[in-house]
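Undergrad: One structure is given below, represented as C-alpha cells, and several questions about it will come after.
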Amino acid sequence: MREIPNYLDDPQQILFWEFDEFILLAIAFGVGIMVNYLGVLTVLGLVGIKFYRKIKDRQANGFLLHAMYWYAGLSSSETAPTSRPLSFIRRFF
C-alpha cells in the first residue's frame, strides 16, 4: 500500500521561501543590480519578505489577489474582465 503525501497542496518552494515570497526578493535583487545598490535592496527585500509573510499568515488564502482587485482594480486573467463589476462600485441597487 502506498502512502499519501502530506504536503501535496502546499505552494512551491524555492530554497527557504514560497514562490510569491521569492518573487519579491528577485524583484528587489533585480532593481538593486540596475540602480547599483544591490546589498541595500537585497536586505530590504528580505525585510519585505518578513513583513509580507506576517500579513499572509494572518489572512485567508487568496487575500492578496482580492486586495489587488479591491483597491486597484487588478484581476487575474482566468475570467473575462466583463464578467466582474468594476472595483470602485461598492453598492449595487
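The values are calculated or read from the model by the stated rules, or taken from the named source; none is laboratory data. Everything quoted here is computed from the prediction, not taken from an experiment. Methodologically, a virtual Cβ is constructed for each residue, glycine included, from the backbone with ideal geometry; neighbour enumeration extends over all protein chains shown.
Undergrad: I'd like the residue in the range 50-77 that is of a type in the set (A, V, I, L, M) and in contact with a helix residue (DSSP H, G or I) (Cβ under 9 Å, 6 or more places away or on another chain) and, out of all such residues, is modelled with the lowest pLDDT. Steps first, please.
TA: Taking the range 50-77 and keeping what is of a type in the set (A, V, I, L, M), we get 55, 60, 64-65, 67-68, 72, 74.
Now drop any that are not in contact with a helix residue (DSSP H, G or I) (Cβ under 9 Å, 6 or more places away or on another chain), which leaves 55, 60, 64, 74.
Values: ILE55: 86, ALA60: 80, LEU64: 75, LEU74: 62.
Per the stated criteria, the residue is LEU74.
Undergrad: I'd like to verify a number: residues in the range 10-32 that are surrounded by 12 or more Cβ atoms within 10 Å (Cβ to Cβ), out of contact with any Ser or Thr (no Cβ under 9 Å at 6 or more places or on another chain) and aliphatic (A, V, I, L, M), how many?
TA: Qualifying residue count, the range 10-32: 6.
Undergrad: Out of the residues in the range 49-66 that are aromatic (Phe, Trp, Tyr) and under 10 Å from the mean Cα position of the chain (by Cα), which is surrounded by the fewest Cβ atoms within 10 Å (Cβ to Cβ)? First the steps, then the outcome.
TA: Residues of the range 49-66 that are aromatic (Phe, Trp, Tyr), as a first pass: 51-52, 63.
Next, from what is left, pick out any that are under 10 Å from the mean Cα position of the chain (by Cα): 52, 63.
On the way: TYR52: 17, PHE63: 12.
Among them, the one singled out is PHE63.
For (1) over 16 Å from the mean Cα position of the chain (by Cα); (2) modelled with pLDDT under 95; (3) among the hydroxyl-bearing types (Ser, Thr, Tyr); (4) within 25 Å of ASN61 (Cα to Cα), each residue gets a yes or a no:
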residue	(1), (2), (3), (4)
ASN6	yes, yes, no, yes
PRO11	no, yes, no, yes
ILE14	no, yes, no, yes
ASP20	no, yes, no, yes
LEU24	no, yes, no, yes
GLY32	yes, no, no, no
ASN36	yes, yes, no, no
VAL47	no, no, no, yes
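Undergrad: List the residue pairs whose Cβ atoms are under 7 Å apart, where the first residue sits in the range 50-69 and is among the charged types (D, E, K, R), the second is part of a helix (DSSP H, G or I) and surrounded by 10 or more Cβ atoms within 10 Å (Cβ to Cβ), and the two are 6 or more positions apart or on different chains.
TA: Going by the 7 Å Cβ cut-off, the qualifying pairs are ARG53/GLU21.
Undergrad: List, please: which pairs have Cβ atoms under 8 Å, are six or more places apart or on different chains, and start with a residue in the range 27-48 that is among the β-branched types (Val, Ile, Thr) and end with one that is in a helix (DSSP H, G or I)?
TA: Short answer, once both residue conditions are applied: ILE27/GLY45; VAL31/LEU41; VAL35/LEU41; VAL40/GLY32; THR42/LEU25; THR42/ALA28; THR42/PHE29; THR42/GLY32.
Undergrad: Mind listing just one residue for me: the one in the range 33-48 that is of a type outside the set (A, V, I, L, M, F, W, C) and surrounded by 10 or more Cβ atoms within 10 Å (Cβ to Cβ) and, of those, farthest from ILE23 (Cα to Cα)? Reasoning before the result, please.
TA: Our first condition is that a residue be of a type outside the set (A, V, I, L, M, F, W, C); within the range 33-48, this holds for 36-37, 39, 42, 45, 48.
If we keep only those that are surrounded by 10 or more Cβ atoms within 10 Å (Cβ to Cβ) as well, we get 37, 42, 45, 48.
Numbers: TYR37: 18, THR42: 12, GLY45: 10, GLY48: 11 Å.
Filtering first and then ranking leaves TYR37.
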